[in-house]
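Enquirer: Structure below; questions to follow.
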Amino acid sequence: MYIVVMYHGAVHAYAFTMTSIFLVGPMGSGKSTVGRALARKIGYRFIDSDREIEARCGVDIPTIFDYEGEAGFRDREARIIEELTAVPGIVLATGGGAVLREENRRHLMARGYVILLQVDIKEQLRRVAFDASRPLLQTGDPEARLRALMQEREPVYKSVADVTISTDSRRMYHVIARILRHLKKHDICLDTDIPETQASAAESVDALKQRTLD
């Protein structure tokens with residue numbers, strides 16, 4: 001069976017069994033980095049909801065916050081989440097605050113498999129404290145801000161997640177391996193019939209072993 005989805009103005013047909021994977025979690029947990037590597041590994045398309053918003057608006061997220069405030073950004077994010085969660089066979093990295101809206105949570109839980117990427121506050125701080133592209137961290141005390149956000153959002157993340165995976169390990173290989181073991185154990189439908197030579201497989205594993213979540 002196939003379903004037809006309109007995406008970027010084009011019609012796409014997908015096999016019904018291609019369960020999408022949605023990554024949620026705090027900023028700096030590695031959603032984009034892990035999502036991109038996971039998608040390559042299983043033959044899915046990777047989409048980052050924040051980058052999709054920027055591409056459609058033509059400006060970066062800090063600029064959207066400057067002109068529309070957080071509420072305006074969340075409105076745009078909700079429309080993107082509604083659209084992208086309807087696309088089968090993708091790995092979708094969501095923004096850290098995407099789970100705050102009830103309609104987003106509903107779409108994520110109903111339309112795919114939700115993986116919560118969890119990170120220790122100190123590791124999170126090391127990764128993102130000085131990242132100027134994070135509007136919510138433009139404060140004199142980034143650590144206090146991260147702790148407040150975690151206290152507010154962690155119960156919400158857990159309420160939508162099918163599984164929680166720690167990304168405190170900086171080696172991408174270990175994080176991806178844990179995710180793949182879990183997906184296999186729970187019979188998540190994956191498009192794994194991707195032609196791959198032994199040489200290219202070895203290269204991909206070696207590349208993952210060398211990559212970190214910085």
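Enquirer: Based on the mean of other beta carbon atoms within 10 Å per residue, what is the order of 30-40, 114-124, most packed first? List each step's numbers first, then the result.
Expert: Numbers: 30-40: 21.8, 114-124: 19.9.
Those peptides, ordered most packed to least, come out 30-40, 114-124.
Enquirer: Another question, if that's okay. For Lys122, list the lysines whose Cα falls under 27 Å from its own Cα; do not include residues on the same chain fewer than 8 positions away.
Expert: By straight Cα distance, Lys122 reaches Lys31, Lys158, Lys209.
Enquirer: Arrange the following residues from fewest to most other Cβ atoms within 10 Å of their Cβ: Lys184, Lys41.
Expert: Numbers: Lys184 11, Lys41 20.
Placing the least packed residue first, the sequence is Lys184, Lys41.
Enquirer: Using the per-residue mean of other Cβ atoms lying within 10 Å as a proxy for protection, in what order, highest first, do the peptides 79-90, 157-168 fall?
Expert: Working: 79-90: 20.0, 157-168: 17.5.
Packing order, densest peptide first, comes out as 79-90, 157-168.
Enquirer: If we restrict to alpha carbons, what Rg and Dmax does the range 42-147 come to, in Å?
Expert: So, for the range 42-147, Rg and Dmax equal 14.5, 42 Å respectively.
Enquirer: Then there is this: What is the gain in length, in nm to one decimal, between Asp66 and Ala177 on full extension, counting 0.36 nm per residue of separation less the C-alpha to C-alpha distance?
Expert: Values: separation 111, 0.36 × 111 = 39.96 nm, distance 3.93 nm.
So the chain would gain 36.0 nm between Asp66 and Ala177.
Where a number appears in this text, it was derived from the coordinates with a stated rule and is not lab data. Everything numeric in this text was worked out from a predicted model, so none of it was measured. Quick reminder, even Gly has a Cβ in these numbers, built from the backbone with ideal geometry, and neighbours come from all protein chains shown.
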